[in-house]
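So the structure is just underneath, and the comments pick up after that.
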Amino acid sequence: MAKAPSQAPPSFLYILIVLTFLASVSESRPNINYYAKSCPRFNQIMQDTITNKQITSPTTAAATLRLFFHDCILNGCDGSVLISSTPFNKAERDADINLSLPGDAFDVIVRAKTALELACPNTVSCSDILAVATRDLVTMVGGPYYNVLLGRKDGRISNAKYVEGNLPRPTMPMSQVIDLFAKRNFSVQEMVALSGAHTIGFSHCSEFSSNIYNYSRTPQYDNDYNPRFAQALQKACGDYKNNPSLSVFNDIMTPNKFDNLYYQNLPKGLGLLETDHALFNDARTRPYVEVYAKDQNRFFKDFAGAMEKLSVYGIKTGRRGEIRHRCDAFN
């Protein structure tokens, strides 16, 4: 009986091809140490950049957190909000709701990108820079640390026409806000936790002016406001029509510290925006507000979990995106 021919061992070239393929697959998967080999100084450069910026401009943390949210919740964390408009395309950042995004946030991303391009050209995406800058800045002002998976690519589309109705506005009914998050697979609890971002930063007077001036009933401000707070807001925002940049801290107690006082303020009528009041008044969201007001550790845990989830929402990997040479323009 003839022996079956023995199977030839795989060639060295074949093994090399397989190993190369497996390496490329693993590299394309987001992971915490994505730049360990390709850009070893990534973490140090990010830390140096954001520390210098935050010390110089203390509003940078809140500004960057807001920029990150406006980028991710629309069509995924792909840096599309960083793109500048051209004569041929009105970009996301020029949509009405994004016109108030603070310049400090864009500036810290540009600074980080410039430093990283010098250290490791064409390696780090703008969307990864935004995600890490947000986490590190939140931590710097007292917030929780959470893991950020890296390996995002930058999106190739940024159009203002996709923005309206896909980002929560201060005047949106709570049902609409809940629905907006639900469509992106975020629960009511995760939405309330993410709303805790209002513990830092400020809002422009124009965003809540209709609730403190010429209100339809007596007194001439929304009854959800603490009376003394409403009167103080009327004075602070008195010239907002002539000075659109007039603004007020979201959390008047500890405006530059990431803590749970935002939730403690709401039952006292110290919320700033209509949606802030709605969080406490709506039966679906109030239980979470009360839990976070009592337990800062629980808030930090849930906020960190929601931010981890948000940071990978709709990300582009592999050939679905690019690594921009500069963050405000497609390659």
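Quick one: in the stretch 273-299, which of the residues that are outside any helix (DSSP H, G or I) and under 11 Å from Val188 (Cβ atoms) is least open to solvent (accessible area, probe 1.4 Å)?
Thr285
For the list (1) among the aromatic types (Phe, Trp, Tyr); (2) closer than 30 Å to Tyr313 by Cα; (3) touching a Cys at 6+ places or on another chain (Cβ under 9 Å), I need the number of the one condition that Tyr213 fails.
Only one criterion in (1) among the aromatic types (Phe, Trp, Tyr); (2) closer than 30 Å to Tyr313 by Cα; (3) touching a Cys at 6+ places or on another chain (Cβ under 9 Å) is unmet by Tyr213, namely (2).
Would you confirm, using the coordinates I've provided, whether Gln220 is over 27 Å from the mean Cα position of the chain (by Cα) and in contact (Cβ under 8 Å) with a residue 12 or more places away in the chain? Spell out how you get there, then give the answer.
On the way: over 27 Å from the mean Cα position of the chain (by Cα): yes; in contact (Cβ under 8 Å) with a residue 12 or more places away in the chain: no.
In short, no.
List the residue pairs whose Cβ atoms are under 9 Å apart, where the first residue sits in the stretch 118-140 and is on the phi < 0 side of the Ramachandran plot, the second is part of a helix (DSSP H, G or I) and of a type in the set (Lys, Arg), and the two are 6 or more positions apart or on different chains.
Note: pairs meeting the criteria are Val124/Lys113; Cys126/Lys113; Ile129/Lys113; Ala133/Lys53; Leu137/Lys53.
Just to check your reading of the model, which residue among Asp104, Asp78, Asp94 is surrounded by 15 or more Cβ atoms within 10 Å (Cβ to Cβ) and free of Cβ contacts under 8 Å to residues at least 60 places away in the same chain?
Of the residues listed, the single one that is surrounded by 15 or more Cβ atoms within 10 Å (Cβ to Cβ) and free of Cβ contacts under 8 Å to residues at least 60 places away in the same chain is Asp104.
Find all pairs meeting these conditions: Cβ atoms under 7 angstrom apart; at least six residues apart or on different chains; first residue within the stretch 262-280 and farther than 16 Å from Met172 by Cβ and of a type in the set (Phe, Trp, Tyr); second residue part of a helix (DSSP H, G or I) and open to solvent by 10 Å² or more (accessible area, probe 1.4 Å).
Partner pairs satisfying both residue conditions: Tyr262/His198; Tyr263/Ala293.
For the stretch 137-244, which fully contained helices (runs of 4 or more DSSP H) count at least 3 residues that are modelled with pLDDT of 95 or more and surrounded by 18 or more Cβ atoms within 10 Å (Cβ to Cβ)?
Those helices (runs of 4 or more DSSP H) span 174-182, 188-195.
Kindly indicate the residue of the stretch 261-272 that is assigned to a loop (DSSP other than H, G, I, E, B) and either open to solvent by less than 10 Å² (accessible area, probe 1.4 Å) or of a type in the set (Gly, Ala, Ser) (or both) and also farthest from His198 (Cα to Cα) among those meeting that condition. Break it down stepwise before answering.
Applying the first criterion (assigned to a loop (DSSP other than H, G, I, E, B)) to the stretch 261-272 yields 269-272.
Now restrict to residues that are either open to solvent by less than 10 Å² (accessible area, probe 1.4 Å) or of a type in the set (Gly, Ala, Ser) (or both): 269, 271-272.
Details: Gly269: 15, Gly271: 10, Leu272: 9 Å.
In this case the residue turns out to be Gly269.
Enumerate the pairs (first residue in the stretch 302-331 and closer than 11 Å to Cys72 by Cα and hydrophobic (A, V, I, L, M, F, W, C); second residue anywhere and modelled with pLDDT of 95 or more and open to solvent by 40 Å² or more (accessible area, probe 1.4 Å)) with beta-carbon separation below 7 Å, excluding pairs fewer than 6 apart on the same chain, so at least 6 apart or on different chains.
Val312/Leu149
Kindly evaluate Arg111 against the criterion of being open to solvent by 50 Å² or more (accessible area, probe 1.4 Å), of a type outside the set (S, T, N, Q) and either in contact with a helix residue (DSSP H, G or I) (Cβ under 9 Å, 6 or more places away or on another chain) or at pLDDT below 95 (or both).
When the stated conditions are applied, Arg111 passes them.
The values are calculated or read from the model by the stated rules, or taken from the named source; none is laboratory data. Keep in mind the model is a prediction, meaning the values are calculated, not measured. Cβ atoms come from the backbone with ideal geometry, glycine included; neighbour counts cover every protein chain shown. To get the accessible areas, we keep the full protein, side chains included, count just its heavy atoms, and leave off ligands, DNA and RNA. Shrake-Rupley method; radii C 1.70, N 1.55, O 1.52, S 1.80 Å.
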